[in-house]
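Single-structure report; data block below.
The values are calculated or read from the model by the stated rules, or taken from the named source; none is laboratory data. If you're wondering where the values come from, they're calculated on a predicted model, not measured in any experiment. With ideal geometry, Cβ positions are generated from the backbone for all residues, glycine too; neighbour counts draw on all protein chains shown. Calculation scope for accessible area: heavy atoms of the full protein, side chains included, ligands and nucleic acids excluded. Shrake-Rupley method; radii C 1.70, N 1.55, O 1.52, S 1.80 Å.
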Amino acid sequence: MIDRSAPRGVLPAPEPRGVGRVPAALPVRPRTGRLLVLATVFVCAACGLVYELELLALGSYLIGDSVTQASVVLSVMVFAMGVGSLLAKALRDRPAFGFAAIESALALLGGLSAMALYASFAWLGESRAALVAFSFAIGVLIGAEIPLLMVLIQRIRRQDAGGAVADLFAADYVGALVGGLAFPFLLLPVLGQLTGAVLTGTVNAVVGGGLVLWLFRRDLSRRARWLLVAANLTVLAVLGCATVLADDFERVARRAVYGGEVRVAVQTGVQELVLTGPATGSPRDLEFFLDGRLRVSGYDEYRYHEALVHPAMTGPHTRVLVLGGGDGLAAREILRYRDVSSVTLIELDPGVVRLARTDPMLSALNGRAYEDPRLGVVTEDAFRWLRGPAARGRFDVIVSDLPDPGITPSTKLYSQEFYGLAARALRPGGRLAVHAGPLATPARSYWTVDATLRAAGLRTAPYSAGGRLSGYAAGPDRVLGAGAGAAAPEDWGFVLAAREGVPALLVDRDTPALRSLSTQSLGDAARDVERTRVRGLPPSTLPHPRYS
């Protein structure tokens, strides 16, 4: 039928598919119905962003290199959202049923994504393919939401497309803000990754299914209503079982990752802390993991800490600063010198300090260093603390016992700016000892640390120490999830630095008795390291990180 009110020669725009007349009888007034749809958009957007952040967090934790994992997840998900928007065109004739079905699938997939990724990592030893698959599938479902919601909101009250899109995207973006803030400040610290994802899926299913089954029930046939009810009840039952079994699943998966003797597993606001080994017996059996990476092996940690600390202690060492090292093991070596008057330890995670103080095996391994009155602890980011006035020109020795530079959160702590601040904190004649990561082949990362120290105005003396585990402080020391056991032997790399002249690599005659270190072994290690030198490397800076 032709609209006679239209100007002559101008045909009226065709009515979009899926947009028919207003439902005969909504259970609420149209204005309230619109608000309910927008509220659903808000909740679904919050849930969608939580799924995305879960994938980002787990990808960084399980695979490492958070920049790469963030790029993979975000790019795959955004591409998949475009695919989902196109696929949603096929559902415009049945928007209510299509939206409810999509929300059920999204709730199930997103709610179980964290468990599935962790299971893949624990039993298969690889989770990158699963990460990409979940990113794509969840992105497709999220991308299909807005086109269908656009049709549904027009069914309640027709308005111009621009206004409807503005309302929907405003609710979507505000919901994303709430979800983005809820994940790090509420879901992750209170519920953890597994239970937090399951709870998000439950909310997603209840809100998405509830909107359609109540507000748009007259758009559904009797068969469609019962099918959606059954689907949503099934999803809620599966997610409920996952919630109940989450703790048991986590324990079983953790044993698959770390072995059968997991004694302590704590998720702090910074990272996951895991201690394995017997509660009593020799501290040599202890292993300490931070975010899945072996930080301490009681079997041979003394090789690492003796090599890190004692070359720097040759000379004045009245006041010592330790950056990182919350396990207390570097402090143990420093406190063996009776003429040390004070040790200041800067540790970001108070959970590490708490565990090092209270765990019987770990406190025995660190010689109960935290009971020594000379040791003071500051819980703060090392970069931020060095920028403050308390650090300037105070220390004879600085020991940088930080995670490997290839771990993205640590990259700024291996930058030219960071070493400039550390140099400023040294007294005249002071020395800086840096853990520079494993001496892998080729040793580009290690020699980038050396180049960065020199760019900060320091003179350097590179050396190494043999180790049973590769990448001791945070590198790929173990193929976790593929069974326990040590990796191939690899050397730990260190650099001793000073402002006035190249520091001598030697062990002072007054050094306490050492098990693995001598002046001769340091000289041999320096010559071995020099053969791996990679020349011409630029320094790493905050705007241009060079570590891979």
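Within region 443-464, residues that are closer than 17 Å to A504 by Cβ have Cβ atoms under 7 Å from residues that are part of a helix (DSSP H, G or I) and at pLDDT 95 or above in these pairs: L453/Y419; L458/Y419; L458/A423; T460/D450; T460/L453; T460/R454; P462/D450, counting only partners at least 6 apart in sequence or on another chain. Inside region 273-284, residues that are open to solvent by less than 30 Å² (accessible area, probe 1.4 Å) and either touching a Gly at 6+ places or on another chain (Cβ under 9 Å) or not hydrophobic (A, V, I, L, M, F, W, C) (or both) make up a count of 4.
Scanning region 185-200 for residues that are without any contact (Cβ under 8 Å) to a residue 24 or more places away in the chain and under 15 Å from the mean Cα position of the chain (by Cα) gives a single hit, F185. The residues in region 127-157 that are over 17 Å from the mean Cα position of the chain (by Cα) and not in a helix (DSSP H, G or I) can be counted, and the count is 1. Restricting attention to region 299-355, the residues that are part of a loop (DSSP other than H, G, I, E, B) and in contact (Cβ under 8 Å) with a residue 24 or more places away in the chain total 18. Is it true that V270 is in contact (Cβ under 8 Å) with a residue 12 or more places away in the chain and surrounded by fewer than 16 Cβ atoms within 10 Å (Cβ to Cβ)? Taking the combined requirement at face value, the residue satisfies it. So in region 497-548, with the set limited to residues that are more than 35 Å from the chain's Cα centre (by Cα), open to solvent by less than 60 Å² (accessible area, probe 1.4 Å) and of a type in the set (V, I, T), which one is farthest from A423 (Cα to Cα)? For region 497-548, the residue satisfying everything is T511. Collect the residues in region 422-450 that are open to solvent by 30 Å² or more (accessible area, probe 1.4 Å), part of a helix (DSSP H, G or I) and over 23 Å from G536 (Cα atoms), keeping them in residue-number order. Of everything in region 422-450, just one residue is open to solvent by 30 Å² or more (accessible area, probe 1.4 Å), part of a helix (DSSP H, G or I) and over 23 Å from G536 (Cα atoms), namely R424.
Of all the criteria given as (1) in contact (Cβ under 8 Å) with a residue 60 or more places away in the chain; (2) open to solvent by 30 Å² or more (accessible area, probe 1.4 Å), the one not satisfied by W226 is (1).
Looking for whichever is among the charged types (D, E, K, R), open to solvent by 10 Å² or more (accessible area, probe 1.4 Å), modelled with pLDDT under 90 and closer than 24 Å to P409 by Cβ here; the options are E287, E250, E261. Which one fits?
Step by step, each of E287, E250, E261 is checked, and only E250 is among the charged types (D, E, K, R), open to solvent by 10 Å² or more (accessible area, probe 1.4 Å), modelled with pLDDT under 90 and closer than 24 Å to P409 by Cβ.
Considering L439, L386, L426, the condition of being under 30 Å from the mean Cα position of the chain (by Cα), within 23 Å of R332 (Cα to Cα) and not acidic (D, E) is satisfied by L386 alone. Picking from residues in region 122-138 that are within 20 Å of G201 (Cβ to Cβ) and of a type in the set (F, W, Y), the one that is surrounded by the most Cβ atoms within 10 Å (Cβ to Cβ) is F134.
Residues are listed down the side, and each one gets a yes or a no for (1) open to solvent by less than 40 Å² (accessible area, probe 1.4 Å); (2) farther than 18 Å from G48 by Cβ:
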{"position": "V140", "(1), (2)": "yes, no"}
{"position": "L148", "(1), (2)": "yes, no"}
{"position": "A166", "(1), (2)": "no, yes"}
{"position": "L177", "(1), (2)": "no, no"}
